[in-house]
Structure formats: structure tokens, C-alpha cells
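One structure is given below, represented as C-alpha cells, and several questions about it will come after.
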Amino acid sequence: MFGIKLLKSIVNILQSEISPNQIAAGAVVGALIGLTPVSALHTFVLFLIVIMLNINISSAILSATLFRLIGMLLDPISDYIGYYLLVKNSSFTGFWTTLYNMPLVPYTHFNNTVVLGSFVVGIILALPIFFLSKKLLIIYRIRFKDKLTKWKIMKIFNLTNAYNVYDKLNK
Amino acid sequence: MRWKYFIPTLVILSAIIVFNIIFLDSVLKKVFIASGEMAFGAKVEVQSLKTKFSNLSIKIDGLQIADKNDCWKNLAEAKTISFALKPLPLLSKKFIIEKMSVEGVMWQTKRNTYGQLPPKKIKKFNKTNKNSLLGKLTNSLAQKGKSEIIQLPAVSALSDAQKNLENISINTVIDPAQIQTLKEIDVMKADVASKYASYQSSFSNLNVTATIESAKSTLNGLSDIKVDSLENIKTAKEKIDAALSAKITVEAKLNEFNSLKSSISKDIVTEKQLTEKIAQLTNADVTGLMDKLKIPEVSFSNISKALFGQLWINRVNSLISYVELARKYMPPKKSNTNIILTPSRMNGTNVSFPKKDNPPDFLIQQISLSGTTAGPGKEMQLGTTFNGSILNITSDQTLLDKPTTFQISGKQNSSLLNFNGTFDHRAYPGKDIINATLEGLSVDAFGIPKSEYLPEFSNGEGKINASLTLTGEEIDCKVKVILDKLTAKKTLYKDNEEVAKIIDYLWAGISDIVMDISATGKMDNLKFDVSSNLDKVLSERLKALFGQKITEYKAQLTQKVNSLIASKKAELLEEFNAIKNEYQKLIDEKQKELNTQIESIKTQVQAKEDEIKNKAENEKQKAQEELQKQAQDKLKDLFK
């Protein structure tokens, strides 16, 4: 069921007329939300960004779901990166100490090895995700969109209520 | 910007906040209970939890923490807990409480419901606590108790044994065929005879008689010679040399004889040794016969450890569990670095970056405590009210540079209590000290364990002085307990007169109990000891329950065995003495003969030498006279 929903979401985004930049930005912010293992302050801020800025919400949700799964697999690497930055590399200690003792910042859980590590992974992956998703979307729309529209399955998806609501929301 | 989403988002956020505010108390209550249950390993109940946003204060009413070791009791309960969080540090995720008030504290109170956690939660608690050093230490102490504390037999068993002892007949166990001493005497007799035969044979092998005979014959040759001419002197001298040579042979034989005698004398048993051996055998027989009587053998050493050991192991373990809790939430710092690593409940590790002059992440500067030692389920009606304070409960003692300390005291009439202690975790491995003084304790409050060997006491006053120091995993705990003015009730065994008699007999005149309890050392080398004035008194009285009768039976059995073996023993000794005398006589005779022969040779040689000397003198004189005569004759011829 979850697989079908996921597939449907991907298809819906691909078939829509939304700007590739908005979808790519949604994918990036979604990745940052999805990679972080806990709901911390920065997750909330990212969530606000998704809602308030012209970023595609669906692609953000889809990306967050996908990267939550990927994040679980990446946890050991994130933990290692976080541990390196927080503990092993003493040159950052002063910076972390300042952040740790600032108001509100500790609520981001940046001092957790996995949270910091996954956030750093997210930042590193941000630009590649943005450009890759944008590029792939453009290629898809030029080469495959019309062909796929004629497929029966696409017609079924178009008939569903969910698609209609989704379509409405995006218009 | 999607401004059209701004208001809906704001509305949703506000709804979330309002929802949280409305249900915050319930959520916090659940979190508080869950955390408490994970800390204490038993049910934690809270009657109500109320928060106030105006001053960020929390008030908790009706807190009950069940005792995981006795789930029908509360480890502690408090009527009201109230505190307020400082708002500004909260922005930096620092929970600072300047003053907390805990009122109506009671401990070991009765519960109306069973306080055990569901199996899932117990498993989780055990998983998080099983590897702690102090957890292992408490296990070691419990194991020590199991292996070292002896189980006293039931008093009724003693009473039965005492009755059975009266009805024993010693004649039923004595069977002459089973008396080992009788058999051993026969063996000893044969042994003595064969040994003396072998000694005699060794002496015969020396051929003393032949040597003496040979010497005699040589001596006869010497005595036969008469020194009447110079020619005979020469022969006599030859015979003297032969006699001297025979003397050397006899002397050598005498030496040989003496050395054999001395080597045999080491092996020879004396009458005293024989008698002692027989006595030993008799004792062994008596012991064997006593075993057949099936007299109860009970070890009554260290009775106070058997009676009070488990109680104090549990109490020491309770104290250790408080320290364990303190160490769990205030772990000693392992390194000098400012960074603190703590495992996170989610994945990864939380790293703290404390800053000098900034407060730690968590700090309760002062907790004011008040309560009473009385409470539901306790037999005492009026307890001692107490109050005190706990200072500096914090997540980082090093940053605060202060240890956690507590001081609780109370006094009411003759009752006095005083607890104080320090949990110093500023450096690794951390040192925790708890001192307790309790005076004027009623016997009920003291919690004397139920045992058949202990009467119920109607009166009495207790005093406890205890100190516990835990440095790392090394424990040093010393407790002195004094219970005086004790008066025993005579109600416990009123349905069993015999048992009641034993208990009355055991406790007659005992009005004081003084105990010293100590637990020292590390987990792998733990020493637990309980000693008291009861050990000697009760042990002697318990032994005396059987002692007199046992001594009587032993004497009777010894007498019986002695009379059974008397004739054989006398026979053995008589035979032994006869053989020994015969042997001695033989030895003495031979020794005398050898000595006589040597003396005889000496005398005869001397006599013959004197004879030769005299003969020589005479011959010399004769020659001189002859020469003189010849000279005179020649001189006469000259003057003619």
C-alpha cells in the first residue's frame, strides 16, 4: 500500500506543471528534514520554510519520507561524522561551546553525534540533490512525459480523488 | 512567499500550543512516572501534577515510589513536591531550580497495591542497570550472604533431639566384634613379638660368642707360657701381641654391638607409647560408637550472623542502591576535558560543552525536606519528625565545583536521627559517603527479623551508628547496633511448651544486644562479618542443651570399651614386658661378656708383661752379680 502511494506521489509530481526549481528545492529541504533522526528545533524551522516559501510541499514530503529511510542506513556514517566533528576534532570545540551555551540553539540537538552528522550529510548532499532532481525532471518532461500520459495507469491515477485534491492544491 | 499559508500555519501552531498547555500536566505526569519507574525499578504513582506558566512552577502531590525488593511497601513517599524553573537558562536548555520543597516524606510505608512493574518494564530496567558496578557489588554482597550465612536448625528439631537423647541406650550400640581396639591389640602383640625376634636375630648375627671364645683361646695360650728363661720371653711376647690383637677384635665387636643396640633402641616402643596408642584407639572407638547413637551435631558458631546477617545485607544493599542512583544520574568525570559524553536515548551520543561560569545543564541548588519516621503500616504510632536539606544535585559537579551533600536530622523526646552524606563525583572514580545515627529506636522500629530463635520483645531501645563509604567499587561499611533494656515476651511458642522452654532458657538474663556489622573490600574480595555478644552466650547455651548428656554418654562408652579391652591390654603389656626383659637380659649379658673379656685380656697381658719385666730384671741382676764376682776374683789375683 505504502509502495503504491509512494509511486503515485512520484508520478503526480512528475506529471505536474510545477517549476523544476520549486520541486528540487522541496527535495533538498525534505532531505534535510528526513535525514535528521529526531524532531528538533531546526526540523521545525525547515518545516516553516517549506510552508512559507514557494517550495513544492509534495516533493518535500516525498523527499523527507525517502531520506528518512536512507537516513536510517546512513546513521553509522552520520554518527562517525558527528563524533569526529564534536569530539575528535578539537578545533571546533570553542565554536560548539559557544553554540551550546547560546539561547535556543541547544534545542536543535546539534550536540548529538547522529543529529549533527546527518545534518552535515544533508548539507553536503543539498546541491547535488537540487541539481540532480532538477535535471532529471527536465529530462523526464522533455522526453517521457507525453508518452507516459498515454499509459493506462496514468489515466487511473488521474481519476483518483487524491490526485484531484493534489492537483487542486498545486494550482 | 506563500502568505496565504501564514494564517493557517499560525492557527495550527496555536492549536498545538493550546493543546499542549491543556494536556501538559498529564503529559508531564506520564513522563515523570516513566522516568521514576526507570530510575527505581518499581511502580511510581503521582496523585496530581500541576504546572503554572506564570512562574514556571510545578507542584506534585501524593508521590509514592514502591520498593522493588518488597513491592507491598513504598521505598519513599512524599505529600507535596514543589519547585520552579528559572526561565532564562531554560532558553539555553538548562534546567535550573533554586529551591525545591519536599514535604511529608515517609519511608517503608505500607502500600495498598502491589508495586511491581510489568515484566516488559522490569526487563528494560534490568537491561539498563545490570552492568553498573554497584549493581554487581550488591549482587556480590547478596551472594556472600547466601554462601556464608548458616541456616540454624528449627528449634522444634532441637527439642525433639533433646527428647531423643534422653531415650538412648548405649548397650545397643556396643558390639565387641566391632571394637577396633581389640583387633589392634592382637596386631600389636604379634608386632612386638616379631620385632623382638628380629632384634635377637640381628644380635646373633654379630657372632659375639665366637669372638669371645677366640679371644679366650688366645688368652689361654698366653697364660700357659711360663717366663723362666730368656727364650720363653720371646715366645711370651709373641703371645702378648696375639692377645692384644684379640683385644682389638673384641673391642671392635663391642663397638659393633653398641651401635646395633643404639639403632634398635630407636625402634623399640615403650610401654608408655603402647598405652597411648591403645588410648587413641579407644577414643576412636568411642567416637564411632557416639556416631551410632545419632546425637544431633549442630554448628552454633556465629549465631548473630545467622540471625541478623540477611537483614543487614539488605540494609547495606539499600544504601548502595541510593549511591547507585546518584552515580547513574551524576556520573563521575573520567577525564579532565570539558566535554561530557552521555549515551543518548535516540541513536548516537550526546556531547555536552559546559562553559565556565555558566550553570550546568541541570541543577537543583537546594531541596528542603521534611517528614516523619512514622507512617502507614508501621507499628509505631508517633514517629520522629525530621527536616533537612539536599544541596547541589547537578548533572556536572565538576563545572559547579561542589559535591552533592545532604543533611537530615530530627529529635523527639529520646528519639534522635541524623543522616548526612556526600556524593563527590568531581573526579573519577568518585567517593560517596553516607553516615547515619539513630537513637531511641523502639524495638518495632528497629525491625528485628522473625526467627524461631528470637523471642518477641515487648520493651527495648535501639541505637544505630552506621557509615558507608564507596570509593569506586570499593565498599567500606561499618555499623554498630546497640539494643538494650530488652524484655522478651513469652507468647510466641505458647502452644509448644518444649520450644518455649528452650527459647526461655536461651534468652534468660539477656537484656542487651551489641552487634558490629562490617562489609569491606572490592566486589571480588568482599568481606562481610557480623559479630555480637550473643555469639558466645547463645552458642554456649545451645551446646549445653546437649552437652551434659553427651558427656555422660561419652564417659559411659569409654568405661565400657576400657573394660572390654582391659584383659587384652594387660596381656599385651605383660607379654611386652617379658620379651623386653629377656631381650634386655641377653643384651646385658653379651655386653658384660665382651667387657669382661677385654678386661681379662688387659689384665693377663699386663701380668705377663710384668712377669717378663721381672724376669729380665732378675737376669740383669744375676749378670751384674756374676760380673762383680768375676771382677773381685780378678782383683784378688792382682794383689796376691
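Quick test of your reading of the structure: residue B:226 fulfils all but one of (1) over 21 Å from residue B:593 (Cα atoms); (2) of a type in the set (Lys, Arg); (3) in a helix (DSSP H, G or I). Name the failing condition by number.
Against the list (1) over 21 Å from residue B:593 (Cα atoms); (2) of a type in the set (Lys, Arg); (3) in a helix (DSSP H, G or I), residue B:226 comes up short only on (3).
Report yes if residue A:122 is small (Gly, Ala, Ser) and either more than 18 Å from residue A:36 (Cβ to Cβ) or facing chain B (nearest Cβ under 8 Å) (or both), otherwise no.
Working: small (Gly, Ala, Ser): yes; either more than 18 Å from residue A:36 (Cβ to Cβ) or facing chain B (nearest Cβ under 8 Å) (or both): no.
No, not satisfied.
Kindly indicate whether any position in the stretch B:488-500 is in contact with a Phe, Trp or Tyr (Cβ under 8 Å, 6 or more places away or on another chain), over 28 Å from residue B:384 (Cα atoms) and surrounded by 15 or more Cβ atoms within 10 Å (Cβ to Cβ).
Narrowing the stretch B:488-500 to residues in contact with a Phe, Trp or Tyr (Cβ under 8 Å, 6 or more places away or on another chain): B:488-489, B:499-500.
Retained after the next criterion (residues that are over 28 Å from residue B:384 (Cα atoms)): B:499-500.
Subset that is surrounded by 15 or more Cβ atoms within 10 Å (Cβ to Cβ): B:499-500.
Yes, the stretch B:488-500 has at least one match.
For the stretch B:120-135, check the following and say yes or no: at least one residue is crowded, with 16+ Cβ neighbours inside 10 Å and more than 30 Å from residue B:529 (Cα to Cα).
Scanning the stretch B:120-135, I find at least one residue that is crowded, with 16+ Cβ neighbours inside 10 Å and more than 30 Å from residue B:529 (Cα to Cα), so the answer is yes.
If residue A:69 meets every condition in (1) assigned to a helix (DSSP H, G or I); (2) within 11 Å of another protein chain (Cβ to nearest Cβ); (3) modelled with pLDDT under 90 apart from one, which number is that one?
The one condition residue A:69 does not meet is (2).
Now for a different question. Against the definition (within 29 Å of residue B:527 (Cβ to Cβ) and in contact (Cβ under 8 Å) with a residue 60 or more places away in the chain), how does residue B:474 come out, yes or no? Steps first, answer last, please.
Working: within 29 Å of residue B:527 (Cβ to Cβ): yes; in contact (Cβ under 8 Å) with a residue 60 or more places away in the chain: no.
No, not satisfied.
Another question, if that's okay. Does the stretch B:21-30 contain any residue that is in contact with an Asp or Glu (Cβ under 7 Å, 6 or more places away or on another chain) and buried (at least 16 other Cβ atoms within 10 Å of the Cβ)?
Applying the first criterion (in contact with an Asp or Glu (Cβ under 7 Å, 6 or more places away or on another chain)) to the stretch B:21-30 yields none.
No, the stretch B:21-30 has no match at all.
Kindly check whether there is at least one residue in the stretch B:547-561 that is modelled with pLDDT under 85 and loosely packed, with under 12 Cβ neighbours inside 10 Å.
Scanning the stretch B:547-561 turns up at least one residue that is modelled with pLDDT under 85 and loosely packed, with under 12 Cβ neighbours inside 10 Å.
Answer yes or no as to whether residue B:46 is under 60 Å from the mean Cα position of the chain (by Cα) and surrounded by 13 or more Cβ atoms within 10 Å (Cβ to Cβ). Step through it out loud before you land on a result.
On the way: under 60 Å from the mean Cα position of the chain (by Cα): yes; surrounded by 13 or more Cβ atoms within 10 Å (Cβ to Cβ): yes.
Spelling it out, residue B:46 is indeed under 60 Å from the mean Cα position of the chain (by Cα) and surrounded by 13 or more Cβ atoms within 10 Å (Cβ to Cβ).
Another question about this same structure. Filter the stretch B:448-463 down to the residues that are assigned to a strand (DSSP E or B) and touching a helix residue (DSSP H, G or I) at 6+ places or on another chain (Cβ under 6 Å), then identify the one that is modelled with the highest pLDDT. Show your work before the answer.
Our first condition is that a residue be assigned to a strand (DSSP E or B); within the stretch B:448-463, this holds for B:457-463.
With the extra rule that they be touching a helix residue (DSSP H, G or I) at 6+ places or on another chain (Cβ under 6 Å), the set shrinks to B:457, B:460, B:462.
Working: B:457: 79, B:460: 84, B:462: 87.
Among them, the one singled out is B:462.
To continue, here is another question. Only one of B:519, B:466, B:445 is assigned to a helix (DSSP H, G or I) and in contact with a strand residue (DSSP E or B) (Cβ under 8 Å, 6 or more places away or on another chain); which? Don't jump to the end; show me each part of the working.
Working: B:519 fails: assigned to a helix (DSSP H, G or I); B:466 fails: assigned to a helix (DSSP H, G or I).
Step by step, each of B:519, B:466, B:445 is checked, and only B:445 is assigned to a helix (DSSP H, G or I) and in contact with a strand residue (DSSP E or B) (Cβ under 8 Å, 6 or more places away or on another chain).
Please enumerate the residues belonging to the stretch B:18-43 that are more than 49 Å from the chain's Cα centre (by Cα) and either within 11 Å of chain A (Cβ to nearest Cβ) or at pLDDT 85 or above (or both).
If we filter the stretch B:18-43 for residues that are more than 49 Å from the chain's Cα centre (by Cα), which is where we start, we get B:18-31.
Of everything in the stretch B:18-43, those that are more than 49 Å from the chain's Cα centre (by Cα) and either within 11 Å of chain A (Cβ to nearest Cβ) or at pLDDT 85 or above (or both) turn out to be B:18, B:19, B:22, B:23, B:24, B:25, B:26, B:27, B:28, B:29, B:30, B:31.
Would you tally the residues in the stretch A:91-132 being assigned to a helix (DSSP H, G or I) and either among the hydrophobic types (A, V, I, L, M, F, W, C) or touching a helix residue (DSSP H, G or I) at 6+ places or on another chain (Cβ under 8 Å) (or both)?
Just the residues of the stretch A:91-132 that are assigned to a helix (DSSP H, G or I), to begin with: A:91-100, A:105-108, A:113-132.
From what's left, either among the hydrophobic types (A, V, I, L, M, F, W, C) or touching a helix residue (DSSP H, G or I) at 6+ places or on another chain (Cβ under 8 Å) (or both): A:92, A:95-96, A:99-100, A:105-108, A:113-127, A:129-132.
Within the stretch A:91-132, residues that are assigned to a helix (DSSP H, G or I) and either among the hydrophobic types (A, V, I, L, M, F, W, C) or touching a helix residue (DSSP H, G or I) at 6+ places or on another chain (Cβ under 8 Å) (or both) number 28.
While we're here: Is the stretch B:501-512 home to any residue that is closer than 30 Å to residue B:406 by Cα and in contact (Cβ under 8 Å) with a residue 60 or more places away in the chain? Quick ask: steps written out before the conclusion?
Taking the stretch B:501-512 as the starting set, the residues that turn out to be closer than 30 Å to residue B:406 by Cα are none.
Within the stretch B:501-512 (the criterion being closer than 30 Å to residue B:406 by Cα and in contact (Cβ under 8 Å) with a residue 60 or more places away in the chain), the answer is no, since none of the residues qualifies.
Please work out if residue B:535 is outside the structural domain of residue B:193 (by TED's automatic domain parsing), in a helix (DSSP H, G or I) and under 30 Å from residue B:138 (Cα atoms).
Working: outside the structural domain of residue B:193 (by TED's automatic domain parsing): yes; in a helix (DSSP H, G or I): yes; under 30 Å from residue B:138 (Cα atoms): yes.
Yes.
Counting only residues that are exposed (fewer than 15 other Cβ atoms within 10 Å of the Cβ) and within 14 Å of chain A (Cβ to nearest Cβ), how many does the stretch B:87-119 have?
4
Listed here are the residues, each with its yes/no results for (1) more than 9 Å from chain B (Cβ to nearest Cβ); (2) surrounded by fewer than 22 Cβ atoms within 10 Å (Cβ to Cβ); (3) of a type in the set (Asp, Glu).
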position: A:38; (1), (2), (3): no, yes, no
position: A:48; (1), (2), (3): no, yes, no
position: A:52; (1), (2), (3): no, yes, no
position: A:60; (1), (2), (3): yes, no, no
position: A:85; (1), (2), (3): yes, yes, no
position: A:89; (1), (2), (3): yes, yes, no
position: A:98; (1), (2), (3): no, yes, no
position: A:102; (1), (2), (3): no, yes, no
position: A:113; (1), (2), (3): no, no, no
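Hey, another quick one. Taking the condition under 16 Å from residue A:67 (Cα atoms), in contact with a Phe, Trp or Tyr (Cβ under 8 Å, 6 or more places away or on another chain) and at pLDDT 75 or above, does residue A:41 pass? If you could, list the steps in order and put the result at the bottom.
Values: under 16 Å from residue A:67 (Cα atoms): no; in contact with a Phe, Trp or Tyr (Cβ under 8 Å, 6 or more places away or on another chain): yes; at pLDDT 75 or above: yes.
The answer is no for residue A:41.
Quick check on the stretch B:64-84. Is at least one of its residues touching a Leu at 6+ places or on another chain (Cβ under 7 Å), loosely packed, with under 13 Cβ neighbours inside 10 Å and closer than 28 Å to residue A:109 by Cα? Can you show your working first?
Taking the stretch B:64-84 as the starting set, the residues that turn out to be touching a Leu at 6+ places or on another chain (Cβ under 7 Å) are B:65-67, B:77-78, B:81, B:84.
Subsequent filtering for residues that are loosely packed, with under 13 Cβ neighbours inside 10 Å retains none.
The answer is no; no qualifying residue exists.
Which one of the conditions (1) surrounded by fewer than 20 Cβ atoms within 10 Å (Cβ to Cβ); (2) over 22 Å from residue B:460 (Cα atoms); (3) touching a residue at least 60 places away in the same chain (Cβ under 8 Å) does residue B:542 fail to meet, given that it meets all the rest?
(1)
Does residue A:81 satisfy being more than 11 Å from chain B (Cβ to nearest Cβ), free of Cβ contacts under 8 Å to residues at least 60 places away in the same chain, among the β-branched types (Val, Ile, Thr) and surrounded by 12 or more Cβ atoms within 10 Å (Cβ to Cβ)?
On the way: more than 11 Å from chain B (Cβ to nearest Cβ): no; free of Cβ contacts under 8 Å to residues at least 60 places away in the same chain: yes; among the β-branched types (Val, Ile, Thr): yes; surrounded by 12 or more Cβ atoms within 10 Å (Cβ to Cβ): yes.
Spelling it out, it is not the case that residue A:81 is more than 11 Å from chain B (Cβ to nearest Cβ), free of Cβ contacts under 8 Å to residues at least 60 places away in the same chain, among the β-branched types (Val, Ile, Thr) and surrounded by 12 or more Cβ atoms within 10 Å (Cβ to Cβ).
Considering only residues that are surrounded by 17 or more Cβ atoms within 10 Å (Cβ to Cβ) and without any contact (Cβ under 8 Å) to a residue 40 or more places away in the chain, look in the stretch B:390-414 and name the one that is nearest to residue B:365 (Cα to Cα).
Narrowing the stretch B:390-414 to residues surrounded by 17 or more Cβ atoms within 10 Å (Cβ to Cβ): B:390, B:392-400, B:403-404, B:406, B:408, B:410.
With without any contact (Cβ under 8 Å) to a residue 40 or more places away in the chain added as a condition, the list becomes B:390, B:392, B:403, B:406, B:408, B:410.
Details: B:390: 8, B:392: 5, B:403: 11, B:406: 12, B:408: 16, B:410: 22 Å.
The selected residue is B:392.
Give the stretch A:64-87 a look and list any residue that's more than 16 Å from residue A:110 (Cβ to Cβ) and of a type in the set (D, E, K, R), or say none.
Residues satisfying the conditions are A:68, A:75.
Could you check the stretch B:1-110 for strands (runs of 3 or more DSSP E) lying wholly inside it with 3 or more residues that are β-branched (Val, Ile, Thr) and touching a residue at least 12 places away in the same chain (Cβ under 8 Å)?
Values: elements: B:44-52, B:57-67, B:70-85, B:95-110.
The strands (runs of 3 or more DSSP E) meeting that bar are B:44-52, B:57-67, B:95-110.
The values are calculated or read from the model by the stated rules, or taken from the named source; none is laboratory data. Every value quoted in this text rests on a predicted model; they were computed, and no experiment measured them. Neighbour counts run over all protein chains shown; Cβ positions are idealised from the backbone, glycine included.
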